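Visitor: Dropping the structure in here first, questions after.
Only the coordinates and a few stated rules stand behind these numbers; no lab work does. None of the values given here were measured: they were computed from a predicted structure. Backbone-built Cβ (ideal geometry, glycine too); neighbour counts: all protein chains shown.
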Amino acid sequence: MQVTLDKLSKSFGPVQVLHDLSMVVEEGEFLVLLGPSGCGKTTALRMIAGLEEVTSGRVHIGDRDVTDILPKYRDAAMVFQSYALYPHKTVAENIGYPLKLRKVPPPARDKTVREVAAQVQLEDYLTRYPRELSGGQRQRVALARAIIRRPAVFLMDEPLSNLDAKLRVHMRSELKHMQNTLGTTTIYVTHDQVEAMTLAHRVAILNHGRLMQFDRPKTIYRDPANLFVASFIGSPPMNMVDGTLTSGAFTGPGFAHSLGKDLSIGPAVIGFRPEDCSVVAAGNGLIPAEIYSNELIGDHTLVTCELHDGSAAPHTVTVKMDKDFEAEMGTEIGIAIDPAHLYFFDQGTGDRIRV
Amino acid sequence: MDTSATPPQALGAGRGMSAWLDRHSSKVFILPAVIVILAFSIFPLIVSAYLSLTRFRLAPGGFELRWAGFRNFDRLLFGSEQYHFLGTFGAVGWFGWIVMLGGAGLIIWWLVRYWISGRARVLGTIGRLITATVGFGIVVLATVTLSEGGAFGSLMVTLFYVTVGCSIQFAIALGLALLCAKPIRGRAFFRVVFFMPLMVTPVGIAYMFRMLADMSKGPLEPIWSLFGFADVAWANDAWAARMVVVVGDSWQWIAFIFIVMLAALESQPRDQIEAAQLDGAGPWQVFRDVTWPTIVPVAATVMLIRVIEAFKIIDLPNVLTNGGPGIATESMTLHAFFAWRTQDLGGSAAIGYMLLFVAVVICVSFFNLVVQRQKARFT
Amino acid sequence: MTAATPNQPKGLYAKLFEPKRLGIMAPGTSVLVYAGLLFWTIVVLFPLYWLLVTSFKLPIDVNEGPRYLPFVDYEPSLHAWDYLLVEVGGDTFRPYVNSVIIAAISTVLAVLAGSMAAYALARITYKPRFASILSFVVGIVAMIVLTVVAGVPWWLSLIVGLAIFALLARTVARRFSARLGNGDILFWMISQRILPPVIVAVPVYVMFQRIGLLDTHVAMIITYATVNLPIVVWLMHDFFLSIPRDLDESAEMDGATKFQIFFDIVLPLAKPGIAATSLLVLVLAWNEYLLALFLSSVDAQTMPLLVAAQNATRGPQWWSMSVLILLMIIPVVLIALALQRFIAKGLLVGAVKG
């Protein structure tokens, strides 16, 4: 079912944590709310669930305005970060609890519990207690408890963040597969951009309670709307160099770049991704720099280069090079960048300057 | 000498007092507690055991203790003091027989269920047999003293205070804690006010309730008059007098249970409640399925503490009713105190020992069968 | 199959008891909740109010039926306050000071010794020989028999008892290997709370009489500290368990002695537990009646005895009692208010994991 947020705002006393969030989540869509901690993403999710009071704005699930009704009438199932399993109930009782509350008779309940448990590979653990399960198994119990209801919307609050790295990757693909099979609208909160990029149909990026960009993962990566999104998405993040943009040319420390378009902005930021640039011999390339350090990651080498901008703290940019790249630290070099992959931002507002 | 890097004095094997203390710290930490408990608990326990087997008599230039064997206990259980300790036995009617048989049946069923459960052990069996015997004894005693012509002795009065008092206290305290856990204004105020009775000395509470319960001059006189009770003297009615004692005791101890239960309610994980609410649980279902199972271990422990203290009740019946009418409100501690006052030291110690026995069996059973089991589910 | 999520119900019941959202109460619930809270507030405060107004009443105001409001129903009088605080001021003041001294010092001792034992049981593994304990009991029995039955002076029998214990522990007890663990020691200490004071009272009375400490502060302090010790051990043990062992070990690596670790690191961290436990123990000692009745008569008389003494030959002096009870309540309520925020947390740790 479609979920519509209409100018959703939330204040805790004098502190406003969410500013006029409006978006439409399409039926069957996997939406990820992404942002750094404290950006208001969990609050937004809890408002959709009905666990948090709405300060202003409306929430619609389907064509129903659910802003003023209790969570239990909203037909939304939630997976909590802590899983919120009932420690005194067995796995089967945990999974079947929503059905018990809906007065489904025990035989039918058992059958459904079995089916759902099979879906998440928990058939053999039905009589165990949550404390006897591993982290991944607990996570699956929480998922099963949400699935069994066939709700209109799944809400997930960082469901994978308590798992170890390997398991997280595994569960990520299971989650994606499951959502695709069930076709249920899903709103998923995370601070992990890899999760966001891999899971989502569309990603909504929040910062300080404001929606920064709402688009498909590929678009967000290739065409960030502003400085925040550009620097938040990507690992390692996009390199940013401060400078000024006057009469169609960007001037940075020791270099200038002509845009071929007459623009005068003033203080501006030039950005480029590590994979869109390369280290070349001194005197060549766009930006002069020296090697600060290099790290062999495996299939590639990350080269950190220090710019000559005269500041006390080293201002560095990262360049992604081939795994065979080698260079002495302190060597003077130049950084060449594909002009098609240069991004410009207004230093004051953070907005993207499209050239 | 270079001043730059003076190493701190090596902290190795030092000499002197503090080093000695440190080396023997494992003993020094625990010895004060062990010694005082030995001196003030084990020692009196042994002396009391000896006293309970003697007759105390004032003699020229002091006193003498004459060996009496189990005569003190014999007197309490079968002799002249039986009415005082066990109570007066009435004629058991058909209803009484049903209750006793039912009680016996329940206890046997409970034992059999344990034996066929496959978890039965020797120690567990012995413990359960003791619990079962005492439990059945109490059922029989309750039946015969409640039958036509029967009356409570101090043992049943104490058990009445413990069971009825503690149940009432738990129910009300839990109710208050649930009210205070609601989204209310002024929670801090209610918390402080509800906690206050615990601060009042039980002797003070007793006198306070004597004032309040005064039917003709107390503050509730208009209410009594309204219902036509103004001339009723509760102090002359055994059950009314017992209830007044229970009310006074409850007024104080609800505060204690309340504060612990409120803390338990406030510290339960919010996620679990929210998950249940999202899944469609109403307030009652949230309480039954999520809140209650989480707070049961705390409830069991706090009630164990309460029951242990409840067995020692003396101040309230002593001041409120002086044990009367007759012996109707006399708790075992008060009974022992009265015995001591009449210089029946042996009798007093014997009652104390009977109290210890009953309290230990009930408290240990409660601990093993309820508290431990509740805790085990969460570890 | 699955069941559909119910729709929001309509109707009077839902209107009254179904809140609009979480975190608020429906109007009907709200009325019931506040009614309940108000009722219990009255139940708690009215008796205290009655004490307060009674303390300003003349005998005639008490004896001639209930009078509720000072100035309206009767003319308040300071006679009881005046009598107790000025006329016989010394007789009120002395038990009050006694109570303060006895309750305060016994609380400090109980909390100190109890916390140390609790800490030790939470951190150090003890394996006392069962046989050593038996020899100790044999020593005590020997001592009692010598004193009570044979009439030997108590100090002599103490020496003999200790000698027997030492002898047995060093010889016979070594041959048996059965040992107890920390859990047994803990259970033993806590179980002492089940001992009815009435069992303890007579022997302790005799003991203090023999060593000439009857009716002294020392006797009362030691007795109260001991009877409250189990509560301290019980509540503090779990509090110490909840403090990470890493902190101890880190301090130990830095060269702290066990006592420095305990006093500098662990005790400050256990503040909520200490506060709650101290308050509980203080209240129990401050209000204790039965043991005081046995162990003190004049010099060490405490306040609860003085309150009880107002039920004199002239009949209960309600006004004086009220004054004394109020005087007793005020300081503990103030302390409780000061420690308020610790109480719940401190009691809970012990109760949850104990």
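Visitor: Between segment A:287-355 and segment C:167-224, what is the C-alpha centre distance in whole Å?
Guide: Cα centroid to Cα centroid, the span is 77 Å.
Visitor: Using just the helices of chain B, give the 222 nm mean residue ellipticity in deg cm²/dmol: DSSP H runs with n ≥ 4 each add -39,500 (n - 2.57), and the total is spread over all residues, rounded to 500.
Guide: -20000 deg cm²/dmol
Visitor: About the Cα centre, and with charges only on the beta carbon of Lys, Arg (+1) and Asp, Glu (-1), how big is the dipole of chain B? Nearest 20 debye, please.
Guide: Approximately 880 debye in magnitude.
Visitor: Rounded to a whole number, what is D in µm²/s for segment C:152-211 from Stokes-Einstein with the Kirkwood radius over alpha-carbon pairs (4 °C, 1.567 mPa s)?
Guide: Estimated via Stokes-Einstein, D reaches 88 µm²/s.
Visitor: What do you get for the angle between helix A:165-182 and the principal long axis of chain A? Use alpha-carbon atoms, 0 to 90 degrees, nearest ten.
Guide: 60
Visitor: Mean projection of the alpha-carbon convex hull of chain A over all orientations, in nm²?
Guide: Averaging across all directions leaves 21.7 nm² for the Cα convex hull.
Visitor: I would also like to ask the following. Pick from B:ALA206, B:ALA255, B:ALA91 the residue whose mean-square fluctuation is largest in a GNM of chain B, springs joining Cα atoms under 10 Å.
Guide: B:ALA91
Visitor: Could you state the per residue volume, in Å³, of the convex hull enclosing the Cα atoms of segment A:48-182?
Guide: 125
Visitor: Work out the length of the dipole vector of the protein assembly as shown about its Cα centre, built from +1 on the beta-carbon of each Lys and Arg and -1 on the beta-carbon of each Asp and Glu, and round it to the nearest 20 debye.
Guide: Using only the charged Cβ atoms, the result is roughly 3580 debye.
Visitor: I've got another one for you. Within 10 Å, count the other beta carbons around each residue, average over each peptide in A:52-65, B:120-133, and list them highest first.
Guide: Packing proxy ranking, top to bottom: A:52-65, B:120-133.
Visitor: Further question: What is the Cα centroid distance between segment A:145-181 and segment A:67-127, reported in whole angstrom?
Guide: Measuring centre to centre over Cα atoms gives 15 Å.
Visitor: Could I ask something else about it? What distance in nm separates the two pseudo spin-label positions at B:SER117 and A:PHE325, each 7 Å out from Cα along the beta-carbon direction?
Guide: My value for the distance between the label points is 6.8 nm.
Visitor: Sticking with this structure for a sec: Between A:ILE147, A:ILE95, A:ILE291, find the one with the highest GNM mean-square fluctuation for chain A; connect C-alpha pairs within less than 10 Å.
Guide: Looking only at A:ILE147, A:ILE95, A:ILE291, the biggest GNM fluctuation is shown by A:ILE291.
Visitor: On average, how many beta carbons from a partner chain sit within 10 Å of the beta carbon of a residue in C:151-162?
Guide: For this peptide, the per-residue mean of nearby foreign Cβ atoms is 0.
Visitor: With the Cα gyration tensor of segment B:148-281 in hand, convert its eigenvalues to equivalent ellipsoid semi-axes via √(5λ) and list them largest first in whole Å.
Guide: 35, 19, 15
Visitor: Under 1.5 on a/c is rounded, so check that first for segment B:258-343, then, if it is not, pick prolate when a/b is larger than b/c and oblate when it is not; a ≥ b ≥ c are the square roots of the alpha carbon gyration tensor eigenvalues.
Guide: Prolate is the answer for segment B:258-343, as a/c is 1.5 or above and a/b outweighs b/c.
Visitor: Give me the distance between the Cα centres of segment B:171-227 and segment C:83-154, rounded to whole Å.
Guide: 34
Visitor: Next question, about the same structure. Three principal axis extents, largest first, for the C-alpha atoms of segment C:131-175, in Å?
Guide: Principal extents (Cα only, largest first): 34, 13, 11 Å.
Visitor: By Kyte-Doolittle mean hydropathy of at least 0.0 and Cα axial length of at least 18 Å, which whole DSSP H helices of chain B are selected?
Guide: Once both thresholds are applied, what remains is B:25-37, B:94-116, B:122-146, B:166-180, B:238-266, B:292-310, B:345-366.
Visitor: Spin-label point model (7 Å from Cα, Cβ direction): what's the B:ASP74 to B:GLU148 distance in nm?
Guide: With each label placed 7 Å out from Cα toward Cβ, I get 3.5 nm.
Visitor: Follow-up question, since we're still on this one. About the Cα centre, and with charges only on the beta carbon of Lys, Arg (+1) and Asp, Glu (-1), how big is the dipole of segment B:252-308? Nearest 20 debye, please.
Guide: Dipole magnitude for segment B:252-308 comes out near 280 debye.
Visitor: Between A:ALA340 and A:LYS176, what's the calculated FRET efficiency when r is the beta-carbon distance and R0 is 22 Å? Round to 0.05.
Guide: 0.10
Visitor: Where does each of A:228-240, C:261-273 land if you order them by average Cβ count within 10 Å, highest first?
Guide: Going by the mean number of other Cβ atoms within 10 Å, highest first, we get A:228-240, C:261-273.
Visitor: Oh, and also: Take the Cα pairs of segment A:202-309, get the Kirkwood Rh, then feed it into Stokes-Einstein at 37 °C and 0.692 mPa s and tell me D in µm²/s.
Guide: Once the numbers are plugged in, D ends up at 208 µm²/s.
Visitor: With a cut-off of 8 Å between alpha carbons and a minimum separation of six or more residues, what is the relative contact order of chain C in percent?
Guide: It comes to 23 percent, rounded to a whole number.
Visitor: For peptide C:40-51, compute the average count of partner chain beta-carbon atoms within 10 Å of each residue's beta-carbon.
Guide: 6
Visitor: Another question, if that's okay. Take the cross-link list A:LYS89/A:LYS166; B:LYS182/C:LYS15; A:LYS7/C:LYS10; A:LYS72/C:LYS10; A:LYS41/A:LYS218 and give me the ones stretching past 23 Å between alpha-carbons.
Guide: The answer is A:LYS89/A:LYS166; A:LYS7/C:LYS10.
Visitor: Further, regarding this structure: Would you mind giving the mean number of other chain beta-carbons within 10 Å of the Cβ of each residue in B:288-296, as a whole number?
Guide: For peptide B:288-296, the averaged partner shielding equals 3.
Visitor: To the nearest 500 deg cm²/dmol, what mean residue ellipticity at 222 nm is calculated for chain A from DSSP H runs of n ≥ 4 alone, each contributing -39,500 (n - 2.57), summed and divided by the residues?
Guide: -7000 deg cm²/dmol
Visitor: Within 10 Å of each candidate Cβ there may be at most 10 other Cβ atoms; applying that plus a DSSP loop requirement, which trypsin sites (Lys or Arg not before Pro) in segment A:203-272 survive?
Guide: Answer in residue order: A:LYS261.
Visitor: Another question, then. At most 16 other Cβ atoms within 10 Å and a DSSP loop assignment: could you name the chymotrypsin sites (Phe, Trp or Tyr not before Pro) in segment A:300-355 that fit?
Guide: When the chymotrypsin sites (Phe, Trp or Tyr not before Pro) of segment A:300-355 are filtered for loop state and at most 16 Cβ neighbours within 10 Å, A:PHE325 remain.
Visitor: Give the relative contact order (percent, whole number) for segment A:140-235; include only Cα pairs under 8 Å separated by 6+ residues.
Guide: Answer for segment A:140-235 is 20 percent.
Visitor: Among A:ARG202, A:ARG145, A:ARG128, determine the one that fluctuates most according to a GNM of chain A built with springs between C-alpha atoms less than 10 Å apart.
Guide: A:ARG128
Visitor: Across chain B, what fraction of all alpha-carbon pairs, as a whole percent, falls in each successive 20 Å bin from zero upward?
Guide: It works out to 20, 48, 26, 6, 1, 0, in whole percents.
Visitor: Work out the FRET efficiency for A:LYS103 and C:ALA35 from their Cβ-Cβ distance, taking R0 = 30 Å, and round it to the nearest 0.05.
Guide: Efficiency computed from Cβ-Cβ geometry: 0.40.
Visitor: If you don't mind, another one. Could you calculate the FRET efficiency of B:TRP110 with C:ALA178 from 1/(1 + (r/R0)^6), where r is the beta carbon distance between them and R0 is 25 Å, rounded to 0.05?
Guide: Computed FRET efficiency for B:TRP110 and C:ALA178: 0.20.
Visitor: Classify the protein assembly as shown as rounded, prolate or oblate from the Cα gyration tensor: take a ≥ b ≥ c as the square roots of its eigenvalues, call it rounded if a/c is under 1.5, otherwise prolate when a/b beats b/c and oblate if not.
Guide: Prolate, because a/c is 1.5 or more and a/b exceeds b/c.
Visitor: Using only DSSP helix segments of four residues or longer, with each worth -39500 (n - 2.57), what per-residue ellipticity at 222 nm results for chain C after dividing by its residue count and rounding to 500?
Guide: -22000 deg cm²/dmol
Visitor: What is the order of B:VAL99, A:VAL169, fewest Cβ neighbours within 10 Å to most?
Guide: The order, fewest Cβ neighbours first, is A:VAL169, B:VAL99.
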